[in-house]
Amino acid sequence: MEVNISKFFDSFMQRLAEVDLMAADPLVLIALAIAILALAISALKGRDKISLSASRLVSNFQKLRTEVDSLSGQLGPDIVKLKKEVEVLRAQLERLSSDTSVLSERLFEEERQYILREEERLAAENLKLSREVAVAAEERGVDVGGWERPAGKEKAVETLGEVRKEPATLTDGLSKTRQGFLARIKSVFSKKPVLGREEQEAIEELLIGSDLGVATTKKLMAGLFDGVALTGGSRVTEDKLREHLKQKILQIVSNNEDPEIIAQKRDGQPLVVLMVGVNGVGKTTSIAKLAQNFKNQGARVLLGACDTFRAAATDQLEIWAQRIGVDIVVGNPGAKPSAVAYDTIHKGINGNFDVVIIDTAGRLHTRVNLMEELRGIINIIAREQPGAPHETLLVLDAATGQNALQQAREFHGLSNLTGVIVTKLDGTPKGGIVVAIKDELNIPVRYIGIGETAGDLRAFSAHEFVDALFEDKDELL
């Protein structure tokens, strides 16, 4: 308020200067003088109060600053101590990281040595057994087909096309899957000839039990019970169920393009096919069958033995290369897989090969260091031949069921799979995993293995697969 009076006083004095005081009444002039004096006093008092407030504010600020300086002095030693503790913890963390790295490498090497020892032991037992079988067969005049008496470092290796002269039919290859699948359907209808919505859960359980998975099962069930009431209304017959599932599965597994790989160069350089997968899925055998397939197309094929983790794996691939009649690049003992991949790519380019197939060590998708090794191989291939690998195929054992789906998920995240090869379908009722993989990950199924011969690794046909899966056999009726 004092500040407003001061401003009013200044304004008042300016207006007063414009007035003709000589013509004014004396009493008015006296009153005016008194008013001016009062306004002046008020204005001076306002300025004094503002000055006093400012002084108090400066005093309070100085007091606060003193308190802050005091508090900073008290906390200073604690802050220094805390910094020292942080440095100690950082040093401990670095040592722990280093120790963990050393331990990881040590465990990796111990596991490698253990696998090598076990491999040599099993190889020796296999060699002894194969000799005994061959001798006994010769004594009895029996033809043992795909097994031969090994000589030198060669181990008993099953030869392509010798165990069974004719490839299996897809119907025969899927017999276990079909029997298990259709048997479950028939078991549901054995109690009631037609089903209502109350049996929906039973059908879902049988589909999940066939390794189709929960997500795929829900997709297959969509629309099946439309218009079917809990009581009364239309019902689902066995024929209707089978036809519904057949059409749904066909929609899922149908590929947008021909799944078979054409063995021809890309941009004037070899077609590079990278093979990945875990141990024991039939990867090496699939490579041999695929190489035979490419050779039958008239292609010059080169194999790269990048599985330097297991010495026997290189030996086995060498034997396959010799039997099939294709070239192979093998690294020195202990060579890095990426170095072998480098040599293979350059030989493929300089040697004017049409196709290069690169084998990699079988590795669990949970082993971080081995998966990173695979990433290194991929980077080397891409660096030395831009655009390669053109195909990255994951080999899966159908017998592993839903675990195969998890493997596909992990490998796809690392290597951007272009397709999968599902092996051993003839020996398991879990063929439904083919549908689950295509549905959940949208990775095309390129080849399926239904036997031991070269012709038993065949390009996947959606229509043939579904027809074989639902084909009626007398023993199931």
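None of the figures in this text is laboratory data; all of them are computed from the coordinates on show. This one's a predicted model, so the numbers in the text were calculated from it and none came from an experiment. Reconstructed Cβ throughout: ideal geometry from the backbone, glycine too, with neighbour counts over all protein chains shown.
A few points about this structure:
- Tally of Lys pairs whose C-alpha atoms are under 23 Å apart, taken over the stretch 214-352, 8 or more apart or cross-chain: 16
- Once divided by 2.2 N^0.38 Å, the Cα radius of gyration of the stretch 386-445 becomes 1.10.
- Placing unit charges on the Cβ atoms of the charged side chains and taking the dipole of the stretch 230-361 about its Cα centre, the candidate lying farthest along the positive direction among Pro333, Trp320, His346 is Trp320.
- Our coupling estimate for the stretch 292-304, obtained by passing each phi through the Karplus curve with A = 6.51, B = -1.76, C = 1.60 and θ = phi - 60°, is 4, 4, 5, 5, 5, 7, x, 8, 8, 10, 10, 9, x Hz, Gly and Pro reported as x.
- At R0 = 35 Å, FRET efficiency that the Cβ-Cβ distance of Asn442 and Leu96 yields, to 0.05: 0.25
- Label point distance in nm, Ile34-Thr169, each placed 7 Å from Cα along Cα→Cβ: 13.2 nm
- Compactness of the stretch 218-317 - radius of gyration and Dmax, Cα, Å: 23.0, 67
- Multiplying the residue separation of Lys218 and Glu318 by 0.36 nm and subtracting their alpha-carbon distance yields 31.4 nm.
- The Rg/Rh ratio of the stretch 365-469, with Rg taken over Cα atoms and Rh as the Kirkwood radius over Cα pairs, comes to 1.00.
- The packing ranking of peptides 378-390, 420-432, highest mean first, is 420-432, 378-390, where packing means the average number of other beta carbon atoms within 10 angstrom of each residue.
- Counted over the stretch 281-327 with a bin width of 5 Å, the fraction of Cα pairs per bin, in whole percents, is 5, 23, 34, 23, 10, 4, 1.
- Inter-label distance for Ser59 and Gln297, nm, one decimal - labels placed 7 Å from Cα along Cα-to-Cβ: 9.6 nm
- The stretch 329-403: radius of gyration over Cα atoms, expressed as a fraction of 2.2 N^0.38 Å: 1.22
- For the peptides 292-304, 446-458, residues were scored by their other Cβ atoms within 10 Å and the scores averaged per peptide; the highest-first order is 446-458, 292-304.
- Counting all C-alpha pairs of the stretch 277-398, share separated by more than 26 Å (%): 12 percent
- Linear extension gain, Asp343 paired with Lys192, 0.36 nm per residue minus alpha-carbon span: 47.9 nm
- Spin-label model, Glu260/Leu71: points 7 Å from Cα along the beta carbon direction are separated by 8.1 nm.
- Once the C-beta distance of Val88 and Asn332 is scaled by a Förster radius of 51 Å, the resulting FRET efficiency is 0.65 to the nearest 0.05.
- Paired Rg and Dmax values of the stretch 249-303, which use every Cα atom, in angstrom: 13.7, 39
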